[in-house]
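Structure record follows, encoded as structure tokens.
The values are calculated or read from the model by the stated rules, or taken from the named source; none is laboratory data. Here the structure is a predicted model, which is why all the values come from computation and not from measurement. Cβ: placed from backbone, ideal geometry, glycine included. Neighbour counts: every protein chain shown. With ligands, DNA and RNA removed, areas are computed over all heavy atoms of the protein, side chains included. Shrake-Rupley method; radii C 1.70, N 1.55, O 1.52, S 1.80 Å.
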Amino acid sequence: MALYSEKVMDHFRNPRNMGKLDDADGIGEVGNAKCGDIMRMYIKVDDEGVITDCKFNTFGCGSAIATSSMATELIIGKPIDEALQLSNQAVVEALDGLPVHKIHCSVLAEEAVRAAVKDYYDRKGIAYDPAQFQFHNEEEEHGHTEE
Ligand code: FES
């Protein structure tokens, strides 16, 4: 069986929404200290609180590219609080799976979305529960990063 699903390969080869939004309403940047990969997510939010656009930049592995690409597709058109609920498992499922040692890459995508939402809330002065933005502990979540 192939290590990576066709969807993963597709999003890796043809990433959706890659780039930068100059007029972003929220920007989230997260990194994984172990593998050194970095992901930045930009969101544009309308007056109704709906994400109208999203772009990402990833300095990271193929799975980081594929998961951030899929994450942008999953949150565009969604209310911001729904985007906040996006889990890395949902991203992995949408990609028809990832090898176990690459799951931490999807965690990075989930965290980048949440960091962008947090930045949006901060900019707008919207109150939130800081517990919502406790990012995963790298030691327990990221496991091995060797190829
Ligand atoms: Fe670091 Fe994939 S995000 S190896």
Check your understanding: Within the chain, which complete DSSP H helices have Cα atoms spanning at least 30 Å along the helix axis and a mean Kyte-Doolittle hydropathy of -0.5 or higher?
Key -> 103-124
Practice item. Could you check which residue among 118, 78, 34 shows the biggest mean-square fluctuation in a GNM of the chain with a 10 Å Cα cutoff? Key: 34
Review point. Per residue, what accessible area does the range 23-94 have, given a 1.4 Å probe and all protein chains present, in Å²?
Key: 41
Point to revise | In the range 1-30, trypsin sites (Lys or Arg not before Pro) in a DSSP loop with at most 15 other beta-carbon atoms within 10 Å | key: 20
Exercise for review: Mind giving me the FRET efficiency for residue 38 and residue 127? R0 is 41 Å, r the Cβ-Cβ distance, nearest 0.05 is fine.
Suggested key: 0.90
Practice item. Could you please state how large a percent of the accessible area of the range 3-147 is carbon and sulfur, counting protein chains only and using a 1.4 Å probe? Key: 48
Check your understanding: What residue among 105, 54, 35 has the largest mean-square fluctuation in a Gaussian network model of the chain, using Cα springs under 10 Å?
Key -> 35
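Once you have the Cα-Cα distance between residue 23 and residue 46, take 0.36 nm times their residue separation minus that, and quote the gain in nm to one decimal.
Full-extension gain reported as 7.1 nm.
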Exercise for review: Using Cα pairs closer than 8 Å and at least 6 residues apart in sequence, work out the relative contact order for the range 1-91, in percent.
Suggested key: 28
**Study point:** Label-to-label distance, nm, for residues given as residue 81 and residue 6 (7 Å Cα→Cβ offset)
**Key:** 3.9
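Hey, what number do you get for the chain at 222 nm if only DSSP H runs of n ≥ 4 count, each worth -39500 (n - 2.57), divided across all residues, to the nearest 500?
Computed ellipticity for the chain at 222 nm equals -12000 deg cm²/dmol.
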